[in-house]
């Protein structure tokens with residue numbers, strides 16, 4: 001009785017406050033005249049250690065293909081400005097603007113041959129403005145309705161070591177699946193560090209195994225934040241410039257605290273809530289969110305989920321288990337859980353980082369393991385059980401620019417985590433199944449559910 005009386009005031013305050021539960025609010029920088037879209041293009045093309053490119057805005061060419069000849073995969077809630085930019089009506093029929101990468105000299109001709117075989121026009125049209133990026137993607141601007149987005153399409157020419165990059169339809173479908181899963185996570189789970197770039201639209205020509213994938217630019221089109229590519233953060237000149245703008249004396253320490261460690265926390269959130277880890281976690285896949293004064297917000301933007309390892313132990317317990325049927329066999333983690341980071345892979349390591357790169361590896365895994373354990377309940381002692389030096393077992397190694405660690409999943413805490421996979425991945429809350437560890441990471445809780453776990 002005394003205990004009940006003591007906790008009643010706390011329960012009252014809890015019930016009063018829980019009516020205001022919602023996703024954490026991201027504080028936006030005050031709007032400025034600076035164009036975040038153009039700034040992203042500048043960083044992508046001129047602050048890239050893999051090779052500089054033109055940052056100029058240019059006319060993008062495209063084919064006009066009747067929609068009935070294509071396969072499509074569109075997300076619910078797709079921005080209508082993006083959809084209307086790419087799908088339009090002509091002569092009473094729906095058509096698609098199939099953008100051509102301006103540097104491609106190979107894959108476009110397969111499409112031209114396809115069009116001619118169907119007695120369709122292979123004429124080039126112009127409608128969009130665009131910027132090149134450090135990869136096969138192009139940044140697209142529709143002057144007619146203001147839409148701005150990234151579009152990934154086949155090309156045999158890119159910057160750096162990644163040259164021939166066909167965008168296949170099978171890969172596009174996988175990208176869409178994991179993007180929808182990430183969207184559910186964003187709506188249901190607590191993300192304190194990770195920001196996901198959704199890929200809400202894909203169009204394909206299955207018989208050619210070609211496709212294009214649209215990627216959202218989140219807050220960039222509205223100039224709410226700058227998105228600094230990770231390769232620009234570790235760029236010899238630009239990384240130093242931004243660090244000094246923030247008053248840093250030691251550039252490597254600044255980016256360890258504002259890129260490396262936050263990235264570890266973001267990847268811990270990604271792994272805990274999806275059961276995926278990046279296959280090639282190099283610096284093209286991550287961006288540092290800055291306010292409009294170039295100050296890091298502490299959040300890291302993750303993009304390009306398609307090239308990922310999948311944990312079958314996690315996924316088979318979720319509504320996304322059909323991914324096991326389509327995911328490449330070599331990217332399914334059986335009896336283990338991989339984590340790696342390779343910020344300098346395919347890039348030029350700046351002088352100010354060379355003496356600190358090993359420390360960054362240690363700091364990354366220290367941060368990842370602490371965050372992952374806190375979210376999932378997986379034993380921190382288990383995660384930290386094998387460290388550098390045991391390369392023969394591939395427990396913790398530095399190879400080809402990547403720090404890699406392979407976690408064994410026999411510990412009971414791993415088993416419990418996999419059992420809780422539906423609760424971590426945003427499925428409707430089942431109070432008979434979901435434990436308190438998974439529940440505390442939800443942002444879609446009702447007062448009755450919280451009260452159940454409180455009592």
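Each value in this text was obtained by applying a stated rule to the coordinates, not by laboratory testing. As the structure is a prediction and not an experimental result, all values here were calculated from the model. Please note: Cβ atoms are built from the backbone with ideal geometry, for glycine as well, and neighbour counts cover all protein chains shown.
Things to note:
- All-pairs alpha carbon distance profile, region 40-222, 5 Å steps from 0, percent: 1, 8, 16, 21, 21, 17, 10, 4, 1, 0, 0
- Residue 349-residue 88 FRET efficiency (beta carbon distance; Förster radius 51 Å; 0.05 resolution): 0.65
- Using the rule -39500 (n - 2.57) for each DSSP H run of four or more residues, divided by the residues of the chain, the 222 nm mean residue ellipticity is -9500 deg cm²/dmol.
- Beta bridges by DSSP in the chain, antiparallel share as percent, to the nearest 5: 90
- Taking the longest Cα principal axis of the chain as reference, the axis of helix 357-376 is set at about 60 degrees.
- Judged by the mean number of other Cβ atoms found within 10 Å, the most tightly packed of the peptides 212-219, 401-408 leads the ranking 212-219, 401-408.
- Helix 36-46 and the long axis of the chain differ in direction by around 80°, with both axes built from C-alpha atoms.
- Peptides 234-246, 132-144, 86-98 ranked from most to least packed, by the mean per-residue count of other Cβ atoms within 10 Å: 132-144, 234-246, 86-98.
- If you plug the beta carbon distance of residue 324 and residue 244 into 1/(1 + (r/R0)^6) with R0 = 35 Å, you get a FRET efficiency near 0.15.
- FRET efficiency, residue 385 to residue 253 (Cβ-Cβ, R0 30 Å, nearest 0.05): 0.60
- Against the main long axis of the alpha-carbon atoms of the chain, helix 2-18 sits at an angle near 20°.
- Ordering 417-429, 319-331 by mean Cβ neighbour count within 10 Å, with the highest value first, yields 417-429, 319-331.
- Site pair residue 105 and residue 400 shows an inter-label distance of 2.7 nm when each label is modelled 7 Å from Cα along Cα→Cβ.
- Long-range Cα-Cα pairs in region 225-450 (distance over 32 Å), rounded percent: 22
- Residue exposure proxy: 71, 154, ordered by other Cβ atoms within 10 angstrom of their Cβ from fewest to most, comes out as 71, 154.
- With contacts taken as Cα pairs under 8 Å at a separation of at least 6 residues, the chain carries a relative contact order of 16 percent.
- Relative contact order for region 239-306, counting Cα pairs under 8 Å that sit 6 or more residues apart, in percent: 29
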